[in-house]
Amino acid sequence: MTTQAQVSRLDGDAPHDAGSSSGRPAGMAMMFGSGLSNQVGAAVGALAFPLIGPVGVVAVRQWVAAVALAAVGRPRLRSFTWAQWRPVLALAVVFATMNLSLYTAIDRIGLGLAVTLEFLGPLSVALAASRRAVDLGCALLAGAAAVVLARPQPSTDYLGIGLGLLAAVCWASYILLNRTVGARVPGAQGPAAAAVVSGLLYVPIGLVLFVHRTPSAGALMHAATAGVLSSAVPFLADLLALRRVPARFFGLFMSVNPVLAALVGLVVLGQALGWVEWAAIAGIVAANALSVLAAARRTIR
């Protein structure tokens, strides 16, 4: 889940630096916990794939996310105007598509590669508006790394890679839509309303699926855990972390997510990556880190 403050940093805004140096260790611990929780949640959800598939896991995750975010954002749906509903509905569709494409990609190509490809979305948004040489270099580095991940060979799962890239497009769209939603809907009501609508979209899908594939209690527990760890916990942890650390630190730390995903995929799911995949992940991480550091340097000057 991307918070409003994340969106501001990624789409070119420059939010003020939050917190003092005394609060930064706690903020950094929260950021690490948020990233780890997100990836562990995805891995736990993947354990239920054999029984209810990615669609079933996403349906339960969306329902849990809707309840959690509605409790936090408390959207006043009846007071929304049509001008507010339009971006909220678009955000809901993007949110639903993003999670489904990501989890299906995880099922096909593994957690580490799927999350790395998805990470190209926010990185592209961060680089798109820049005309500086360093950002062009970062874009070329990330693009080359993506080509390495998708390199043609007999075992390449092109559908899985395509779904990972679709998740990246959805994440980029999510960031841009969040900017509009944040401007038209006060507080966290917009993302909360989008989560509720997204959850409702999965009600008929989930009911049809579960009628044909009766889920076990364990599978439902894994899927619900994914909703808590990958939606509710990161949302709250990121909000608290951004009160303690500068926004540029937050943006830099986002680079760790593909690495965490690869490590969690190895430990929890037994998904080992070769050195070529690790090199591609390192390239995409480096591209984001260099872009954030360059932006921070320009701000300081």
Query raised in the report: Which order do peptides 170-179, 38-47, 285-294 fall in by mean Cβ count within 10 Å, highest first?
Result: 38-47, 170-179, 285-294
Query raised in the report: Ordering 203, 88, 196 from largest to smallest accessible area (1.4 angstrom probe), what's the sequence?
Result: 203, 196, 88
Requested in this report: Give me the accessible area of residue 238, 1.4 Å probe, in Å² rounded to the nearest 10.
Outcome: 10
**Report entry** Estimated FRET transfer efficiency when R0 is 25 angstrom, pair residue 26-residue 79 (beta carbons, to 0.05)
**Finding:** 0.10
Query raised in the report: In percent, how large is the relative contact order of the chain, given Cα pairs closer than 8 Å and 6 or more residues apart?
Result: 43
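In square angstrom, what is the accessible area per residue of the chain with a 1.4 angstrom probe?
44
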Query raised in the report: Between residue 207 and residue 89, what is the spin-label point distance in nm, taking each point 7 Å from the Cα along the Cα→C-beta axis?
Result: 2.1
Report task. Grab the Cα-Cα distance for residue 131 and residue 266, subtract it from 0.36 nm times how many residues apart they are, and report the gain in nm with one decimal. Result -> 44.8 nm
Query raised in the report: With θ set to phi - 60° and the Karplus curve 6.51 cos²θ - 1.76 cosθ + 1.60, what are the ³J(HN,Hα) couplings of the stretch 270-275 in order, to the nearest whole Hz, using x for Gly and Pro?
Result: x, 9, 8, 10, x, 5
Query raised in the report: When ranked by the protection proxy of mean other Cβ atoms within 10 Å per residue, highest first, what sequence do the peptides 50-57, 274-281 form?
Result: 50-57, 274-281
Query raised in the report: Summing -39500 (n - 2.57) over the DSSP H runs of n ≥ 4 in the chain and dividing by its residue number, what mean residue ellipticity at 222 nm do you reach, to the nearest 500 deg cm²/dmol?
Result: -26500 deg cm²/dmol
Query raised in the report: Mind listing the phi-derived Karplus ³J(HN,Hα) values for the stretch 49-57, rounded to whole Hz, using 6.51, -1.76 and 1.60 with θ = phi - 60°, and x for any glycine or proline?
Result: 4, x, 9, 10, x, x, 5, x, 5
Query raised in the report: Got a number for carbon plus sulfur as a percent of the chain's accessible area, 1.4 Å probe?
Result: 68
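The values are calculated or read from the model by the stated rules, or taken from the named source; none is laboratory data. Bear in mind that the values here come from a model prediction, so they are computed numbers and not experimental data. So basically every Cβ, Gly included, is an ideal-geometry build from the backbone, and we count neighbours across all protein chains shown. Each accessible area value is taken on the protein alone, full model and side chains, heavy atoms only, with ligands, DNA and RNA left out. Shrake-Rupley method; radii C 1.70, N 1.55, O 1.52, S 1.80 Å.
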